[in-house]
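The values are calculated or read from the model by the stated rules, or taken from the named source; none is laboratory data. All of these numbers come straight from a predicted model, not from anything done at the bench. Cβ sites come from the backbone with ideal geometry, for glycine too, and all protein chains shown count toward neighbours.
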Amino acid sequence: MRRRVRFLLGHEPIELEAVDPTLTVLEWLRRHAHRRGTKEGCAEGDCGACSVIVAEPDDEADNRRLRYRAVNACIRFVATLDGCQLLTVEDLKAPDGALHPAQAAMVEQHGSQCGFCTPGFVMTMAALYHQEPGPPSRQRIDDALAGNLCRCTGYGPIIEAARKMHATPGATTHLTEREAEVAARLEAWRDGATFSVGEAGRSFISPGSLDQLLQLAAQYPEATILAGATDVGLWVTKQHRVLDPVIWIGRVPELSTIDETEDAIRIGAGVTYASAFERLATLWPTVGELNRRLGAEQIRHAGTIGGNIANGSPIGDSPPWLIAAGATLHLAGIDGRRSMPLEDFFIAYGRQDRRPGEIVEAVTVPKPETHSTLHCYKIAKRFDQDISAVCAGIRLRFDGERISDARIAFGGMAATPKRAERAEAALTGAPFEEAAFRRAMAALAEDFRPISDMRASAAYRLKVAQNLLLKAHVERSTASELRLAGRREPAHA
C-alpha cells in the first residue's frame, strides 16, 4: 500500500509522499519546513542542539493524553514521524505571544549565552515539564539534560531554569487544551496497514504487523531493518550511505510489547530503552543505573534493546548484562521461529547467527532469583554520553555463603560480547571470599586477549575488568550495591 506519511507539525497536518527514505527530521525542518530554530551541531545525536519533541498517544493513560519525548532530529528519519505530533521550538510560544514556562524560565535565569544550543535545551526542558507533575529533582534535571551540551558552559543558570520552570507563569494552554484533540487525531491515523514512500526509485517501507514485516524481510533480504535509527542514522549522516530499501519496525505492534510472566520478562525488539528500563529497573536496580549512562534521554527515547543486539557491536551496553542474566534471544522469519541463548547469537566481529530474511523478534530475561545478585558496570571516559571501553555483567547465585553458580560477560574485551568461562569456573562452588575472586581475576587473562584502540589500551581493559570482579565482591560484602563513581546519586534503590 502506497500512502503518504502523515503527522502534525505543531497543529498543522503534514502529508509527504515523495520523500527520501533517509531524509532526517532536521534536514526536513530546515530545508523544507523552513523552521531553522532547530540547529545542527554534531549530526550524530550527541550534542542535543537538534532536540525536538515527538508526542504520541499515551496508551497507558485513562483519558486521551499525549506522551512527550525529546529526541534527536539529526538522526531520526522524517518518515518515522507517521502518526506523531512533532513540536519544535517555534511551537512553544502561544498564539498571543506568551512564552512556554521553559522559555520564560530561561529568560528569567539568563540561561542563554551564545544561543546556539538554547533551542535544544528549551525543547528538552519542555519535554521534562510535560512529563513531570511538579518541579523535578536536581537528579532528574541532570539526567534529562545530559544529552544537551552548552559550549559556553552555562549550566548553572540553565539548571536553575529547569528547577524553577514549574513555578514560572507561562503559556501551556495552547498545547494542553488541545491535547485530547491531538491524541484523537493521531489515534485515528493508526490504520495498521503497510505503507511505502520514496523518492528517486528508493523506498521506505513501514509494515503495520509482524506478518507483514516477515513477508517484507523475506522479499528484501538485503534491506536495512530500522528501529530507532540511533546507529543507522549515523550511517547516513557520517558515512553517507545510500540505503534502499529501508524497512521500519516502529509501527509493528507485536514488537512494541513487554510481556511478563511469573518467571521472566519478554521485551519486543521495537521497545525503546526508556520503556524497557522503566520496568527492568524495578527488578534489577543496577540495570536501571546502567541505563542512565546509555546515551542520553533523547537516545533512550528512540533506541531499542533489540537494535542494540541486532547490530552485533562488541561494545554494545545491553548484551553483557543480558548474557549474565541468562537472556534468550528470539528470531523470526517467514519459515518459522527459533530461540537461542543470547551469547550464541554473536559469532564473530560483524557476524551474527541471523539468516537472510530473519529479524530479531524479542529477548526474554529471567527475573531475579532468591539468593542471587546482578552487578552491571560501564567504564567510559565520561559519566554521560560516552561509548564503553569495558562493560560488564556479573550474576552470582548463592547457597549460603558459597557461590553455587556464576555467569560473567564482558563487552569491549573481545570481537563480540563474550562470557568469561574460566573466571566463572573459578567462582562456581567457591566460598564467597576475596581469595576466590582473586583467582577469577587471574583467570580473566586466559578468557580474554583485548586490543588497544582510541578508547583504552589492552592492558587497561584487562586490569579494569579484573577490578570489576573485585568490585562486585566488595559491594556485596559491604551491602553497597549501587555505589557509583562520580557526582551522581543512584536513582534506583
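Numbers below:
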quantity: Condition met for GLU297 (outside the structural domain of ALA380 (by TED's automatic domain parsing), farther than 15 Å from SER318 by Cα and surrounded by 24 or more Cβ atoms within 10 Å (Cβ to Cβ)); calculated: yes
quantity: Looking only at the range 133-151, and only at residues there that are in a loop (DSSP other than H, G, I, E, B) and of a type in the set (A, V, I, L, M), the one that is surrounded by the most Cβ atoms within 10 Å (Cβ to Cβ); calculated: ALA146
quantity: Index of the failed condition, ARG354 passing every other in (1) buried (at least 24 other Cβ atoms within 10 Å of the Cβ); (2) without any contact (Cβ under 8 Å) to a residue 60 or more places away in the chain; calculated: (1)
quantity: Any hit, the range 450-458, residues being under 29 Å from GLY147 (Cβ atoms), modelled with pLDDT of 95 or more and under 22 Å from the mean Cα position of the chain (by Cα); calculated: no
quantity: Enumeration of residues in the range 246-281 that are part of a loop (DSSP other than H, G, I, E, B) and in contact with a helix residue (DSSP H, G or I) (Cβ under 6 Å, 6 or more places away or on another chain); calculated: ILE249, GLY250, VAL252, ALA269, GLY270
quantity: Of all residues making up the range 381-420, the number that are over 18 Å from ASN308 (Cβ atoms), under 22 Å from the mean Cα position of the chain (by Cα) and in contact (Cβ under 8 Å) with a residue 40 or more places away in the chain; calculated: 3
quantity: Checking GLY83 against (1) crowded, with 20+ Cβ neighbours inside 10 Å; (2) outside any loop (DSSP other than H, G, I, E, B); (3) in the same structural domain as ARG185 (by TED's automatic domain parsing), the condition it does not meet; calculated: (2)
quantity: Index of the failed condition, VAL464 passing every other in (1) under 27 Å from the mean Cα position of the chain (by Cα); (2) closer than 12 Å to ILE408 by Cα; (3) not acidic (Asp, Glu); calculated: (2)
quantity: Pairs, first touching a residue at least 60 places away in the same chain (Cβ under 8 Å) in the range 204-228, second β-branched (Val, Ile, Thr) and part of a helix (DSSP H, G or I), C-beta under 6 Å, six or more apart; calculated: LEU226/VAL232
quantity: Residue that is surrounded by the most Cβ atoms within 10 Å (Cβ to Cβ), among those in the range 111-121 that are touching a helix residue (DSSP H, G or I) at 6+ places or on another chain (Cβ under 6 Å) and at pLDDT below 95; calculated: GLY111
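Let's see how each residue does on (1) closer than 21 Å to HIS240 by Cβ; (2) under 20 Å from the mean Cα position of the chain (by Cα); (3) in the same structural domain as LEU226 (by TED's automatic domain parsing):
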{"residue": "LEU9", "(1), (2), (3)": "no, no, yes"}
{"residue": "PRO13", "(1), (2), (3)": "no, no, yes"}
{"residue": "VAL19", "(1), (2), (3)": "yes, no, yes"}
{"residue": "LEU23", "(1), (2), (3)": "yes, no, yes"}
{"residue": "GLU27", "(1), (2), (3)": "yes, no, yes"}
{"residue": "ALA33", "(1), (2), (3)": "no, no, yes"}
{"residue": "GLY45", "(1), (2), (3)": "yes, yes, yes"}
{"residue": "ARG64", "(1), (2), (3)": "no, no, yes"}
{"residue": "ARG67", "(1), (2), (3)": "no, yes, yes"}
